[in-house]
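The values are calculated or read from the model by the stated rules, or taken from the named source; none is laboratory data. Owing to the predicted nature of the structure, the values given are computational and were not obtained by experimental measurement. Quick reminder, even Gly has a Cβ in these numbers, built from the backbone with ideal geometry, and neighbours come from all protein chains shown. What goes into the accessible areas is simple: the full protein's heavy atoms, side chains included, and nothing from ligands, DNA or RNA. Shrake-Rupley method; radii C 1.70, N 1.55, O 1.52, S 1.80 Å.
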Amino acid sequence: MRKLLFLIPLLMLFACGDGEAPVVAEAIEEPFVEPEHFSSDNAERLIPRSVLFGNPERIGPQLSPDGSMIAYIAPADAVLNLWVMNRDLSEPRQLTFDTNRGVRNYFWAENGIHILYMQDEAGEEDTHVYRLDVATGDVADLTPFEGVKAYVSATDEDQPNTVLVETNQENAMFFDVYRCNLETGELEMIADNPGTDENGDMVLGFMPDEDMNIRMYYAINPETGYITVYHRWDDESSWEELVSFSSDDEWGPKRFTDDGRGIYLVSNLESNLSALYYMDLETGEQTYITSDSQADVGGVGFDPHTGEPRSVSFNYLRRRREILDESIIADIDFLTEFHHGDFGTASRDNADSTWIVVYFTVDNPAVYFLYDRTEGSMMEIFTAIPALADYDLAQVEPVEITSRDGFILPSYFTKPDPEFYGEGPYPTIIYVHGGPWYRDRYGYEPFCQLFANRGFAVLQINFRGSTGFGKEFLNAGNQQWGRDMQDDLSDGVNWAIENGVADPERVVILGGSYGGYATLAGAAFTPELYCAAVDFFGPSNLNTFMESVPPYWRPMKALMDIRVGNPDDEADRAMLEEVSPVNFPENITMPMFIVQGENDPRVVIEESDQMVEALRAIGTEVLYVVYGDEGHGFAHEENSLDFAGRVEEFLFLNVPGVECELFEPIEGSTVRIE
């Protein structure tokens, strides 16, 4: 079984290094007129934005179960669609003909007849599950329910015409599990989520075994945030408590054994860093398998025939793989030497004789090869963005930064070409990742390459609260939005200045989602550090943000309260007000660019609206851009290109000494300058 689980010229008044900000005048609302656009004198030597932010040429190949065909994603009329070709790369043909948001998330059904993919309408994340007949091209919506989120959660090679689908059609807060017949499209409920169990805990979700029988469920105490996992042997058995743990800890099953008598799991209940264990479900005994000295367990690879783990990956600054099964040592040794970059297995056939191997490099997001394990041969399938081979991309250096209170912050530094831009110090961008329970990784990142190519140094900091570095590091971020988490970013700025990397007069903060919040917080709470700020999809008021999350996030409210703060608690609410940038617009004196997706369900448009209103109410200019059919990110190529172009031009006009490709409004973009 597989679990799938620009008022731009006006903003130059506050340009970096220009001295004191002018006295603000009373805000006067005027209709927007697209301004004159600019490029630098050396624009011809720059990597085109269309290469960095346009659609990939081809991406995401997946082998059919019998290994005879390869499906993949490629654009058709600027929209990403599904294609298929033979194993030898011959006879490519288009399967879907979407003209809206495209296809990004798909996989083969085990029957080899169908491909299943998930797609929403306009960024609202109410995804439907679609069944595509590979031979005929017929598409059927298996979950045609309005305002409902659905996804496929499990498949089974031994039940090729059946998948498990989860939807929240009965209650927007909770997901039920259905058995879906791929031949008829019939949905049969097999796990009815009651919302709360007999103990008053909120049911977070279910886990099937390898035969797709529901064997576990998770529940969270809405007051304490404690999570309890229950297990049963079959549909006729009663639920029994398996383990209970704090939300500060991790205990997560990866896979049932094939015989259903045990599970492989990742846990940090006995340590700071998580480890891989085996648990005997009859005795409850856990057996330690492996762990790392610096990073949590990442991916676990299982033998598809025995169900036993055969490799584990860890990622501190770079990815490290530990082999548990001697039978794949020769494969891994061969693949390690074959091509540069970190690699993984993107797909395999059911015989496990053919793998699609993907290499992640700094100079390309993905290079795919077909690896025949029997012959020991490799054939390149394609490269995601082959046009990048025509340009020299910046190198990424892993670095460790020490915070003011002693935490080591694993980070990545991208430097511009010293032959053209000199040895520094450089204008520098602090590029803040989202989540915040996420992390930056080594590899290709389009904004880092864009900025470095234009003359910026870029620093990506894994601040406390980032995942993958142990629970002490993660939990040190609890209720520290705008506080210790923000101090880590400030410490990164100081590190860059002290090491001669950053010009202190030309430091920019930029990020999306949580990174957008951190951008606003940096502008409001440490304005002396930054000369410009770019926020996309970032919350500005933590109380209203916590009160407006999607309904299916609400069962996790106790965890969110621990991580962020509880708006229903008087002391927490006051604390959240103190770290909400919307309450401190008078502190913001640098040029501001705010970007929002109109249909964003995670950070709703009111978060950006109120920040812009607060700034404009005191006469502070802010460039505010809304994309009409996007959510928490970009699905349309036209909008991605428009966004990147406006960000580049904004920085060029407000940060001296950098380069810029001419920006021209993108035809077909749904941008609105508010």
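Brief remarks follow.
- Note on the stretch 219-241: residues that are over 31 Å from the mean Cα position of the chain (by Cα) and open to solvent by less than 50 Å² (accessible area, probe 1.4 Å) amount to 2.
- Put simply, of 91, 166, 170, 146 the only residue that is part of a strand (DSSP E or B), open to solvent by 20 Å² or more (accessible area, probe 1.4 Å), over 27 Å from residue 642 (Cα atoms) and not aromatic (Phe, Trp, Tyr) is 170.
- Counting only residues that are open to solvent by less than 10 Å² (accessible area, probe 1.4 Å) and either assigned to a loop (DSSP other than H, G, I, E, B) or small (Gly, Ala, Ser) (or both), the stretch 149-163 holds 4 of them.
- Residues satisfying the stated conditions in the stretch 229-278, i.e. part of a loop (DSSP other than H, G, I, E, B) and either in contact with a His (Cβ under 8 Å, 6 or more places away or on another chain) or of a type in the set (Ser, Thr, Tyr) (or both): 237, 238, 239, 246, 247, 257, 271, 274
- Residues being under 24 Å from the mean Cα position of the chain (by Cα) and among the hydrophobic types (A, V, I, L, M, F, W, C) - total across the stretch 602-647: 11
- Meets criteria (of a type in the set (A, V, I, L, M), under 22 Å from the mean Cα position of the chain (by Cα) and farther than 22 Å from residue 605 by Cβ) for residue 510: no
- When residues of the stretch 446-498 are limited to those that are on the phi > 0 side of the Ramachandran plot and within 19 Å of the chain's Cα centre (by Cα), the one most open to solvent (accessible area, probe 1.4 Å): 468
- Members of the stretch 94-105 that are open to solvent by 60 Å² or more (accessible area, probe 1.4 Å) and either of a type outside the set (A, V, I, L, M, F, W, C) or touching a Lys or Arg at 6+ places or on another chain (Cβ under 6 Å) (or both): 99, 104, 105
- Unmet requirement for residue 322, which otherwise passes all of (1) open to solvent by less than 10 Å² (accessible area, probe 1.4 Å); (2) assigned to a strand (DSSP E or B): (1)
- Test: residue in the stretch 210-217 that is surrounded by 19 or more Cβ atoms within 10 Å (Cβ to Cβ), more than 25 Å from the chain's Cα centre (by Cα) and among the aromatic types (Phe, Trp, Tyr): yes
- For the stretch 268-285, the criterion of being surrounded by fewer than 16 Cβ atoms within 10 Å (Cβ to Cβ) and closer than 21 Å to residue 440 by Cα is met by at least one residue.
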